[in-house]
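Everything on this sheet refers to the single structure shown next.
The values are calculated or read from the model by the stated rules, or taken from the named source; none is laboratory data. Computed from a prediction, not measured in an experiment: that's the story for all the values here. Counting neighbours? That spans all protein chains shown, and the Cβs are built from the backbone with ideal geometry, glycine included. What goes into the accessible areas is simple: the full protein's heavy atoms, side chains included, and nothing from ligands, DNA or RNA. Shrake-Rupley method; radii C 1.70, N 1.55, O 1.52, S 1.80 Å.
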Amino acid sequence: MKALICIGHVPDTTSKIRFTDNDTKFDTTDIQYIIGPYEELGLTRLLDIKDAGTDLHITAINVGKEETEATLRKALAMGADEAVRVNADATDAFFVAKQIAEVFKTGGYDFIVTGKESIDYNGGQVDGMIAEILGLPSVTGATKFEIEGNGAKMEREIDGGKEVVVASFPFVTSAGKDFAKEPRIPGMRGIMAARRKTLDVKEPVAQVLKTNVSKHFLPESKPACKLVSPDNVEELVRLLHEEAKII
Amino acid sequence: MAILVYTENFDGKFKKSTYELISYGKEIAKVENSEVVAVTIGTVDAGVLNELSKYGASKIISVKNAELNDFSSQAHASAIVQAAKKVNADVVIFANNPNGKAISSRVAVKMDAGLVPAAVGIPSSLAPFTVRKKAFSGKAFADMVITSDVKVLTLTQNSFKVIEAPVTAVLEDFNAEISADMFGAKPVEVVKTTGKLSVTDAEILVSGGRGLKGPENWGMVEEMAEILGAATCCSRPVTDLDWRPHHEHVGQTGKVVAPNLYIAIGISGAVQHLAGVNGSKVMVVINTDKDAPFFESANYGIVGDAFDVVPKLNAAFKKFKAGN
Ligand SMILES: Cc1cc2nc3c(=O)[nH]c(=O)nc-3n(C[C@H](O)[C@H](O)[C@H](O)COP(=O)(O)OP(=O)(O)OC[C@H]3O[C@@H](n4cnc5c(N)ncnc54)[C@H](O)[C@@H]3O)c2cc1C
């Protein structure tokens, strides 16, 4: 069985967010990059399945320029078998989806896993776009994933509950919370092994961009927190009613 | 031209967030001088459908195919695109909820359109089509430009007001062309969390963290929720420890919420927690540690022991509610 897992290269969750070039670009100075938390869960689950004895070959893929290779190497260190980098800036979801769909077509893969959303532009569109481009079924925001027969059984959260979904290969799914419990931390052995694994670089196929970011903003700074004494909680009720007008 | 809004129904009913979508669409339609068309899939009574006209939907397309009772993003997207083409929609709007997310990306591909997910306000300009969205998990915003002819958006819940703008609506039944091969991913079981107000629908959330020490102490949290008509939620360690059910987990890796009021009890305010709640209109924090990071983001705070403060606050809320 062959899986393709999309690995997002995103700023560490604790990063201080700043912009440059007249607020048109994200300022990468001093930013530590990580694998997107959802992709990390996705990869962890695939590795768990593999370790439990399923014959599964895992290819990690990223659309990004050279600086994203360290993140792909980390996926290899976690245990992915090989990696592919499509050499282009990942600025538009449609563009990214098109590149991944293209790699899928040539690699004989059975399924694709993405993260539920990236933590930079919080898109969460790529899974559905890849599926639609390829004409495949998809399960967005899966919270459980089991290989079953010639496909997989998944759970996904819906508004007001959850549903159990089955899909036969080939399909696309995006990993949400609880896809795996704790993300795997690469060990020394994994890190050494990752150096010898294949990281293939492919050039992108043409695709017109459909979106771009014209400007970034930081949220307006909130006024300082108003403190209320624990011995005067009625004051908090009054403030919420009269000042905030929220109750 | 038309603004098409996908109005998902929940057991034949709409939610407040559905009307937010119509109001949002109406606002764009006014600027572009077009109309709002709602499309719904499944069985909804005419009276309920007509509610949509109160907020400005002048045409309501009801897709009746029985096979669409099973959710398939592929089939649902196909039906919505057929409706969109029929009314010549140039903007298609979805809720930024699980099904809205699953369908909208497919609709974008089918219509060769750019998609902006999780928009937080009406477009600041229609040419170029520019709309603001949250970025970096609420730590920033980005103005996104869509350059394609058709634009697809998902709207963040509680980011746009419901505005009454009554019109007379035309109701139209529609049979979409759906083929069996669109059901490659098939729901085999649906489990509803019944009875309780859901975390994403609630306008007030009372949230507990590790500072509450154990699941046996949630009685006062539930009591506060009860008094305020709120839902309860919690920080990640709390669900990791199985003190509370997983659907209550909010934050970067849990649910992203934007209630009018968020009350955080015994939660430190880690960035990953704030990432999921910083869209709240007003935040209150109760924490023993005056240096807890949450105080920097909250509007109101009490430095104190939850086990002392919360019962007193519950009494005060009760008194307030009784007097109003
Ligand atoms: C990639 C990643 C993703 C994450 N995603 C999430 C997420 O989605 N959601 C999330 O919540 N976290 C998330 N986290 C974890 C996050 O970093 C914090 O660890 C977590 O939010 C802390 O939870 P807490 O505030 O309940 O617990 P603590 O940090 O342990 O805080 C407990 C607080 O309670 C206070 N307290 C103690 N006793 C009392 C008392 N008697 N009365 C009042 N206050 C008291 C303490 O002063 C303290 O501030 C994530 C972390 C990572 C690395």
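Computed values, structure above
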| read-out | value |
| --- | --- |
| Some residue of the range B:200-221 being modelled with pLDDT under 95 and of a type in the set (A, V, I, L, M) | yes |
| Failed criterion for B:T239 (all others in (1) more than 8 Å from the ligand (Cβ to nearest atom); (2) more than 10 Å from chain A (Cβ to nearest Cβ) hold) | (2) |
| Residue list for the range B:54-64, filter: open to solvent by less than 10 Å² (accessible area, probe 1.4 Å) and on the phi < 0 side of the Ramachandran plot | B:A57, B:I60, B:I61, B:S62, B:V63 |
| Residue list for the range B:270-310, filter: in a loop (DSSP other than H, G, I, E, B) and either away from the ligand (no atom under 11 Å from the Cβ) or hydroxyl-bearing (S, T, Y) (or both) | B:N278, B:G279, B:S280, B:K281, B:T288, B:A298, B:N299 |
| Number of positions in the range A:204-228 that are of a type outside the set (A, V, I, L, M, F, W, C) and over 29 Å from B:V150 (Cβ atoms) | 6 |
| Test result for A:I185, of a type in the set (A, V, I, L, M), facing another protein chain (nearest Cβ under 7 Å) and in a loop (DSSP other than H, G, I, E, B) | no |
| Which numbered condition B:V167 misses (of (1) more than 14 Å from the ligand (Cβ to nearest atom); (2) of a type in the set (V, I, T); (3) over 23 Å from the mean Cα position of the chain (by Cα); (4) open to solvent by less than 30 Å² (accessible area, probe 1.4 Å)) | (4) |
| Qualifying residue in the range B:310-321 (condition: open to solvent by less than 10 Å² (accessible area, probe 1.4 Å) and more than 10 Å from chain A (Cβ to nearest Cβ)) | no |
| Scan of the range A:1-52 for residues that are within 16 Å of the ligand (Cβ to nearest atom), more than 14 Å from every other protein chain (Cβ to nearest Cβ) and free of Cβ contacts under 8 Å to residues at least 24 places away in the same chain, ordered by number | none |
| Residues of the range B:273-309 satisfying the condition of being more than 9 Å from chain A (Cβ to nearest Cβ) and not charged (D, E, K, R) | B:H273, B:L274, B:G276, B:V277, B:G279, B:S280, B:N287, B:T288, B:A292, B:P293, B:A306, B:F307 |
| Verdict on A:G135 being of a type outside the set (D, E, K, R) and within 10 Å of chain B (Cβ to nearest Cβ) | yes |
| Any hit, the range A:83-92, residues being surrounded by 15 or more Cβ atoms within 10 Å (Cβ to Cβ), over 16 Å from A:A180 (Cβ atoms) and at pLDDT below 95 | yes |
| When residues of the range A:139-183 are limited to those that are open to solvent by 10 Å² or more (accessible area, probe 1.4 Å) and polar (S, T, N, Q), the one farthest from the chain's Cα centre (by Cα) | A:N150 |
| Subset of the range B:252-272 (residues that are closer than 22 Å to B:N158 by Cα, of a type in the set (G, A, S) and more than 12 Å from every other protein chain (Cβ to nearest Cβ)) | B:A258 |
| Filtered residue count, the range B:189-220, keeping only those that are closer than 26 Å to A:E148 by Cα and either open to solvent by 90 Å² or more (accessible area, probe 1.4 Å) or in the same structural domain as B:S72 (by TED's automatic domain parsing) (or both) | 2 |
| Count - residues of the range A:184-233 that are open to solvent by less than 70 Å² (accessible area, probe 1.4 Å), in contact with a helix residue (DSSP H, G or I) (Cβ under 9 Å, 6 or more places away or on another chain) and among the small types (G, A, S) | 5 |
| Candidate set from the range B:98-117 (those that are surrounded by 23 or more Cβ atoms within 10 Å (Cβ to Cβ) and outside any helix (DSSP H, G or I)); member that is nearest to the other protein chains (Cβ to nearest Cβ) | B:G114 |
| Which numbered condition A:C6 fails, given (1) surrounded by fewer than 23 Cβ atoms within 10 Å (Cβ to Cβ); (2) under 19 Å from A:F169 (Cα atoms) | (1) |
